[in-house]
Each structure stands twice: as structure tokens, then as C-alpha cells.
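The values are calculated or read from the model by the stated rules, or taken from the named source; none is laboratory data. A quick note: this is a predicted structure, and the numbers were derived from the prediction, not measured. Every residue, glycine as well, gets a Cβ built from its backbone with ideal geometry; the counts of neighbours run over all protein chains shown.
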Amino acid sequence: MKKTIILLLVCLLNTGIICAEQYKMAGPYKVVARDGQYRNTKGGSERDMKKALELAEAGNYKEAMIIIDAYATTLDRLDGHDAPLCAIQCYDLVRAMTLVCQKGAANKQQQDRFNGMIKRALLTMIQKFDADSPYANGNWGAIVNRLRMACAICMKDSVLYKTSIDYHLHANDNGSLPMYISETGQCQETGRDQGHVQLGLEALAQICEMAWSQGDDLWGALDNRLLKGFEYTARYNLGYDVPFETWTDCTGLYCEWTEPGQMGRGKLWPIYERAYNHYVKIKGLKMPFTEKIIKGRKPKVKEYSKLHQVFTYPAPKGAPLKNDYDVFIRPRSSNEWTKIDTYMAKVNAPIVKGKHKVTEVSYAFFDFTGDVFVKVVCKNKKYQSARIRPDYRGVIANMQNDSTVQFLLFQPENVSVEFDGDITNNLHIFTSKPPVSVDDARKQAKSEGRKFVYYAPGFYTNDTLHIGSNTTVYLAGGSYFTGTFAIEDASNVSFLGRGIARPPRGYEGCHVHRSQNVVIDGMILNTCPVGESRNVSLHDVRCISFPSWGDGLNVFASSDVYYDRVFCRTSDDCTTAYATRKGFNGSVRNVKMWNSTLWADVAHPIFIGIHGNSEVGDSIIGLRYENIDILCQSEPQVDYQGCMAINCGDNNYVKDVVFDNIRIENIHQGCILHVKVGYNQKYCTAPGKGVENITFRNIRYYGSDPYLSIINGYNELRKVKNIVFDGLKINGRKIHDNMECKPRWYSTADMVPMFIGNHVEGVVFR
């Protein structure tokens with residue numbers, strides 16, 4: 001009897017008389033985004049669209065159409081800087097509709113509604129991406145083109161389909177096949193990390209599969225180039241060595257990877273079967289490493305543990321610690337937590353009534369490979385919420401209880417852990433990939449004929465330590481210095497390790513004066529100015545300045561200065577570009593900062609141009625700031641406000657400055673930008689000569705209403721010229737000259753808001 005009842009229930013389920021619980025949509029959403037104002041739509045839209053595809057693939061076309069039709073009716077646009085990445089979930093939705101249509105389970109009205117949504121929401125994003133490319137890593141172009149081909153097949157648009165094939169084979173973008181995979185199988189993102197590589201390969205394989213269904217063989221393109229990409233990636237992620245060459249990608253932005261990326265290595269995505277089935281089962285080719293993955297070969301335990309490691313550095317006795325938080329870490333390959341030390345640093349709270357208020361914050365640091373879990377326990381207070389900033393990094397804070405938060409890092413990040421919005425008692429966590437070992441550094445120095453100086457873990461009270469030419473200095477993790485490392489009148493200097501140099505207020509952890517060919521990598525400092533020097537690189541340097549009026553990373557009269565992946569929190573300017581100043585003489589040329597985080601408790605995150613030699617007139621030319629998160633600005637003086645500030649004085653001429661992909665999370669007191677030629681008699685002896693060719697590209701502001709931004713010249717001979725805004729967004733709203741919501745009698749600047757004063761020409765909002 002029991003067996004009969006079970007069989008009856010099964011039959012009823014199969015016939016649809018009894019249905020499983022219907023899926024409850026999170027959406028549909030009018031706007032879908034992964035960042036910005038509408039970033040809360042990311043998770044829900046992904047679940048909805050993935051579910052639609054799952055239902056369609058299972059033959060539940062009616063249930064799938066409920067989701068599909070809801071989005072066809074509602075979805076209006078894809079928004080945010082990461083709008084092209086919304087192609088990931090939208091591809092699922094389009095493929096679901098294609099399957100439904102192929103089975104004749106959608107009527108003409110439904111098809112028309114869906115095609116209308118494709119045209120207004122998806123193709124507009126694709127067209128914008130095409131117009132802006134190349135600018136991104138290759139997985140962006142691959143997933144956008146995958147969506148393009150899916151849309152073409154769904155709408156039966158032969159022109160769009162041919163465009164997709166042409167893009168795949170010939171586009172000048174990192175996402176095209178020849179731009180993404182080299183003849184060796186190395187991929188454009190191999191040096192980045194393994195997750196993004198596999199995402200790009202998956203998209204390219206799905207493009208090939210769709211084309212194959214239409215009678216076109218893209219699998220065999222460029223002598224089976226895609227096979228080579230899968231094999232190379234499978235080989236590396238199984239724990240084997242692979243050849244690697246640094247190449248110049250088509251954007252010129254992603255050319256500095258010197259080895260395969262360790263992040264995500266051994267974390268195998270379910271992408272290999274599709275390529276294996278075609279190349280091996282259909283074409284009879286060999287894919288030995290892919291076959292190992294298909295047959296269940298995983299990295300050995302020993303290999304896997306190497307992929308997921310943490311490296312900690314116990315604090316020496318005497319170092320200033322802080323006990324507000326307990327910090328624990330564990331790699332994905334382990335269940336054991338390791339406690340790490342937390343240090344103390346003093347910072348400025350935002351100025352109130354002209355007075356500085358000094359507070360103490362905490363910071364901790366470690367290195368890791370693979371993935372790492374972090375647990376933070378608040379020892380003195382209880383909280384309701386936690387936030388991990390920068391928001392753009394997408395680190396999710398999981399509150400375990402009212403005193404504990406846990407989160408996962410997939411790659412090294414510099415983050416601020418903030419409970420209940422408190423930024424004056426927060427915890428900074430600095431992480432990096434493991435540094436070069438002391439033995440390797442010593443060997444390298446010897447091979448280059450350099451002197452090698454090693455400081456073991458410990459507490460040092462030196463006043464000033466001079467580093468001469470042809471010297472490598474290595475500060476071991478667990479070393480703490482209260483003195484200054486002075487690189488003066490020197491050349492060919494490397495300053496490496498994981499040490500801390502934080503002398504008292506008024507003294508610099510490190511400075512570079514009248515030197516050339518200097519590399520500083522991995523230190524935690526209070527400040528590091530560069531004066532009258534050339535070819536100086538700072539990588540993975542973290543600065544928390546002393547209060548009050550402590551700058552971070554100043555440039556004086558120098559050229560070819562590069563900052564990569566720096567973190568800077570200051571009680572004055574985070575980073576500056578000045579000409580003649582403090583005994584350093586000359587102009588500034590070619591300063592670049594990218595992949596960094598800036599936090600100005602007082603003054604400016606980025607400040608350019610106010611100081612120079614007014615008698616001769618200096619130049620500040622060729623500056624670039626790219627992929628930067630600005631966490632805060634607080635400056636009550638109206639004349640000194642601006643997260644991105646160019647205050648041109650002292651007969652300086654400022655030209656060719658690019659701000660690209662800058663994300664501003666909040667402004668306590670201040671404005672987004674301030675560009676002017678002025679005469680500040682407190683600091684200058686003459687007005688500036690002029691400002692010209694300034695580009696603000698993909699600037700995003702996410703905070704409360706900012707103060708008025710300002711662009712202003714000085715007179716007819718000292719103007720501000722040629723200011724281009726391309727992709728400026730204020731809380732998700734794009735500001736451009738043709739925006740529909742702007743009253744016709746308004747200027748575009750009014751929508752920021754921004755004041756454009758006299759002696760300004762050539763301001764454009766695209």
C-alpha cells in the first residue's frame with residue numbers, strides 16, 4: 001500500500017497535478033547593477049536569471065517564462081561602472097528564452113516583449129562597451145560578446161550574429177580570441193589570478209558552442225587556440241609549472257605581471273567538460289591535462305596546502321600595540337585559526353570648529369596565497385553591524401554575533417573594518433602576497449653587485465639610517481623602527497620586506513631625496529616623500545601618517561614616480577604633486593598611481609600644483625591616477641576642498657592630468673573636485689600660469705550630497721582649458737551634456753553640482 005502511494009505521488013508530480021513550491025523571485029528589477037546606487041540588485045538578479053535557465057533546461061518552460069516575462073516587461077537598463085559584467089547573469093536569461101522559444105513555449109507577444117528588452121537594456125550596454133573598449137581585462141570583452149551572440153541567436157539577427165563572430169576573431173579588445181590566448185596557451189589574465197582566467201575561457205567556449213549550433217566552427221580558429229588556453233590553464237591549476245612571458249596587452253594597462261597568478265590556483269571551475277567534449281570526443285584531439293580534471297584528478301594535498309597559505313609576523317617587544325580587537329586568520333586549506341597582533345596608530349578625527357581631535361586606530365597585517373578567512377572579535381564594545389571598505393572590493397562582512405565579524409579574502413586587499421559606522425576606532429587590515437625571501441633577495445643583490453643589509457625581527461630606536469647607492473635593505477616582518485630610512489643622493493636602491501618604520505610626529509619613516517632608480521616594496525610607514533628624484537617606485541606601501549598635519553606620499557620636483565597598490569590614511573594630504581618646494585627645485589613629470597586606496601581625515605586625497613618657483617615658472621605635466629578608492633575627505637576650508645584638487649599657483653603650468661576609474665565613497669566636508677588657477681598668498685608668491693587638458697573618466701561618487709565642486713581661472717592670460725568629463729556618475733546618475741532629466745535652461749555642471757567660473761573654456765561632459 002505504501003509503495004503504491006509513493007508511486008502515485010511520483011506520477012502526480014510528473015504530470016504537474018502536484019507541483020513543487022514555486023520559485024519566489026527577488027525581482028524583477030528595473031535597473032540591474034553590480035556596483036553603485038543599485039548594487040543591491042546584484043544577488044537577486046543573478047539568482048532569478050540563473051533559475052530561469054535551470055527551469056528551461058529542465059523542461060519547465062511555463063515556470064521559466066514567469067521569470068523571463070517579468071524581466072522582459074520590467075528591465076530597463078544595466079547600470080554602474082561594472083555594467084558590462086551584468087552580461088554574466090543576463091546571458092543566463094537570454095539562453096533561457098532561446099530554449100523556451102526553440103520548444104515553441106513562448107507566444108509572439110512574449111517574444112516581442114523580450115526582444116524589446118534586449119534592445120533597450122542589453123544592446124545599449126554592449127554598444128557602450130564597444131565604444132569605450134579597449135579598457136578592461138579580457139573576461140569583460142568575452143562575456144559581453146557571449147551575451148551579444150546569445151541575443152543574436154535569440155532574436156534571429158544575422159547581422160548581430162556576424163558582428164559577434166567578427167569580434168571574437170578580430171576585435172581590438174583583450175576579450176577577443178587572439179588577444180586573450182597566446183600561441184603557448186598563456187592567457188591575458190594568467191598573471192592576474194586563476195578565477196578570472198577560467199571565467200574568460202568559459203565565455204569563449206560558450207561562444208564557440210553557440211556558433212557550432214549555427215553551423216560555424218570557431219573551436220578550430222587560430223589552430224585550435226582555445227584548446228591551448230584550456231590545456232595551459234588546466235596544467236597550471238593542477239600544480240604543474242608552465243612557461244610565462246610578460247606581454248603588453250592591447251590597453252597598455254595590464255602589462256606588469258611577471259609570473260602566473262597564485263590567487264585561486266587549484267580552485268577548479270566546472271568549465272572543462274565543454275571543451276573536452278568537442279576537442280577530444282568530436283575532433284579526436286588530445287587534452288591530457290584537461291582529461292586529468294575531467295577524471296577527477298585534484299591537486300595533491302601537499303600542493304593544495306601550498307596554494308592556500310598564510311604568513312604572519314609577530315610583533316616585537318616594545319612595539320605600540322592596541323587591544324581593542326582580536327584578529328584571527330586561517331587559510332582555506334586549514335581549520336585552525338591563527339591569532340595575529342594588532343598595532344596602534346594615531347589619526348585625526350574630522351576637524352570640528354577648527355580643532356584637531358586625535359584618536360587611536362588599530363592595524364594588523366599578514367601575507368597569504370589562495371583564500372583566507374579572517375575573524376575579528378571586538379573586545380570592548382558590542383555592535384549591530386559591520387562594514388568592510390572599500391565597498392568596491394566586494395568583501396562581505398558576516399556578523400557572527402554582536403562582537404564578532406568574519407569575512408573571506410580571495411586576494412590581497414587593504415581594507416578597513418568598521419563597526420556601526422565608526423571610522424575613528426576602526427581596524428585596518430593590510431595584506432599582500434608573500435614577499436621575496438631574504439635568501440633570494442640576498443642572492444639577487446649579490447648578482448647585481450649590491451651591498452645587502454638585513455634587519456632581523458626586533459624593535460629598533462635608531463634616529464636616521466642612511467641607505468647609500470647600490471644597496472638592498474631588507475626589513476624582516478616583525479621589525480619595528482622608530483627612526484628614518486634616508487635615501488639621499490643615491491642610486492640603485494631597493495628597500496624591501498615587511499618591516500614597520502613609524503617614527504614620532506615630525507619625522508619620516510622613509511624619504512627619497514635627490515636619488516634615482518629606487519624601489520620601495522612592502523613597508524608600513526607614516527610617510528614617504530620623494531624630492532628631486534627620478535625613477536622611484538613604491539609598491540604595496542601602507543601609510544598612516546602622524547597627527548596633526550601629516551602628509552603621506554608627497555612628490556616634489558621629481559619625475560617618473562610610480563605608486564602601485566598603496567594605502568594612505570593621513571591627517572593632511574594623502575598624495576601631492578608639487579614643483580619647487582622645501583629645498584627641492586624643478587618641475588614634475590610623469591607621476592602615476594594605480595590600484596590604491598586614499599583616506600584624508602583632513603585636506604585632500606589628491607592635491608596638485610600649489611607650490612613652485614614663481615620666478616622661473618615650473619611645470620607639472622603627465623600625471624595619471626587610475627583605479628583608486630577614496631574613502632573620505634574632510635576639509636572645512638572651502639578654498640582647500642576637493643578629493644581631486646588642482647590648485648595652480650606660483651606661476652606653475654599644470655597639463656595632461658588623467659583621473660580614471662576613481663570611486664569616492666563619502667565626503668565628510670568637501671567636494672568631488674576643485675580645479676583652479678589662483679593666487680593663495682598664504683603659500684604662493686604669484687598666481688598660477690594655467691591648467692590645461694584634464695580628463696575625469698569614470699568618476700563615481702556614492703556618498704551624501706557633496707559640497708559645490710569648483711572650476712575657475714584667474715584672468716584672460718591664466719585660464720583653465722579643456723576639461724573633459726567622461727562617464728561622471730553621482731550616486732548612479734550619469735552627468736552628461738545630453739542627459740534627459742536636465743532642464744534645458746540648466747548647465748550640465750548644475751547637475752553635479754559644480755560651479756564653473758570665469759576664464760574657463762572647453763568643459764565637456766560626455
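Just one of the listed residues (Val395, Val347) is touching a residue at least 24 places away in the same chain (Cβ under 8 Å), closer than 22 Å to Arg542 by Cβ and either in a loop (DSSP other than H, G, I, E, B) or not assigned by TED's automatic domain parsing to the domain that holds Asp82 (or both), namely Val347.
Check the range 598-619 and report whether any residue there is more than 14 Å from Asn554 (Cα to Cα), at pLDDT below 95 and assigned to a strand (DSSP E or B). No: zero hits.
Summed over the range 627-647, residues that are within 17 Å of Arg700 (Cα to Cα) and either modelled with pLDDT under 95 or of a type outside the set (Asp, Glu) (or both) total 10.
Quick test for you: out of Asp705, Asp750, pick the one residue that is modelled with pLDDT under 95, acidic (Asp, Glu), more than 11 Å from Ile672 (Cα to Cα) and surrounded by fewer than 16 Cβ atoms within 10 Å (Cβ to Cβ). Show your work before the answer.
Working: Asp705 fails: more than 11 Å from Ile672 (Cα to Cα).
Only one candidate qualifies: Asp750.
Select, from Thr290, Thr246, the only residue that is under 18 Å from Gly138 (Cα atoms) and either assigned by TED's automatic domain parsing to the domain that holds Trp594 or out of contact with any Lys or Arg (no Cβ under 8 Å at 6 or more places or on another chain) (or both).
On the way: Thr290 fails: under 18 Å from Gly138 (Cα atoms).
Criteria check complete, one pass: Thr246.
For the range 727-747, filtered to residues that are out of contact with any helix residue (DSSP H, G or I) (no Cβ under 9 Å at 6 or more places or on another chain) and surrounded by 13 or more Cβ atoms within 10 Å (Cβ to Cβ), the residue that is nearest to Cys671 (Cα to Cα) is Leu728.
Residue by residue, here is whether (1) modelled with pLDDT under 95; (2) surrounded by 20 or more Cβ atoms within 10 Å (Cβ to Cβ); (3) of a type in the set (A, V, I, L, M, F, W, C) holds:
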| position | (1), (2), (3) |
| --- | --- |
| Ala58 | yes, no, yes |
| Thr73 | no, no, no |
| Tyr91 | no, yes, no |
| Val94 | no, yes, yes |
| Met97 | no, yes, yes |
| Gly104 | yes, no, no |
| Phe114 | no, yes, yes |
| Lys119 | no, no, no |
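Annotation note: of Tyr683, Tyr653, the sole residue that is of a type in the set (Ser, Thr, Tyr), more than 23 Å from Met593 (Cα to Cα), touching a strand residue (DSSP E or B) at 6+ places or on another chain (Cβ under 9 Å) and in the same structural domain as Asn627 (by TED's automatic domain parsing) is Tyr683. The residues of the range 454-483 that are of a type in the set (Val, Ile, Thr) and more than 18 Å from Asn517 (Cα to Cα), listed by number, are Thr461, Thr464, Thr482. I need the full set of residues from the range 130-157 which are modelled with pLDDT under 95 and in a helix (DSSP H, G or I), in order please. Listed by number, the residues that qualify are Asp130, Ala131, Asp132. If Asn470 meets every condition in (1) at pLDDT 95 or above; (2) of a type outside the set (Val, Ile, Thr); (3) over 30 Å from Lys582 (Cβ atoms) apart from one, which number is that one? If we test Asn470 against (1) at pLDDT 95 or above; (2) of a type outside the set (Val, Ile, Thr); (3) over 30 Å from Lys582 (Cβ atoms), just (3) comes out false.
Scanning the range 668-699 for residues that are charged (D, E, K, R) and buried (at least 23 other Cβ atoms within 10 Å of the Cβ), which turns out nearest to Cys632 (Cα to Cα)? Walk me through how you get there before you give the answer.
Kept after step one, since they are charged (D, E, K, R), are these residues of the range 668-699: 676, 682, 689, 692, 697.
Filter once more, keeping what is buried (at least 23 other Cβ atoms within 10 Å of the Cβ): 676, 689.
Numbers: Lys676: 22, Lys689: 30 Å.
Only one residue tops the list, namely Lys676.
All of Met149, Met155 fail the test of being in contact with a Leu (Cβ under 9 Å, 6 or more places away or on another chain) and assigned by TED's automatic domain parsing to the domain that holds Met117, apart from Met149. Go through (1) under 23 Å from the mean Cα position of the chain (by Cα); (2) more than 26 Å from Ala136 (Cα to Cα); (3) surrounded by fewer than 23 Cβ atoms within 10 Å (Cβ to Cβ) one by one and return the number of the condition Asn585 breaks. The single condition Asn585 does not satisfy is (1). Where helices (runs of 4 or more DSSP H) fall entirely within the range 194-290, those with at least 1 residues that are surrounded by fewer than 18 Cβ atoms within 10 Å (Cβ to Cβ), among the hydroxyl-bearing types (Ser, Thr, Tyr) and out of contact with any strand residue (DSSP E or B) (no Cβ under 7 Å at 6 or more places or on another chain) are at 194-213.
For Asp551, state whether it is among the charged types (D, E, K, R) and more than 21 Å from Gly506 (Cα to Cα). Spelling it out, it is not the case that Asp551 is among the charged types (D, E, K, R) and more than 21 Å from Gly506 (Cα to Cα).
Counted as qualifying within the range 404-515 are no strands (runs of 3 or more DSSP E), as none has 3 or more residues that are of a type outside the set (A, V, I, L, M, F, W, C), farther than 28 Å from Asp572 by Cβ and assigned by TED's automatic domain parsing to the domain that holds Glu665.
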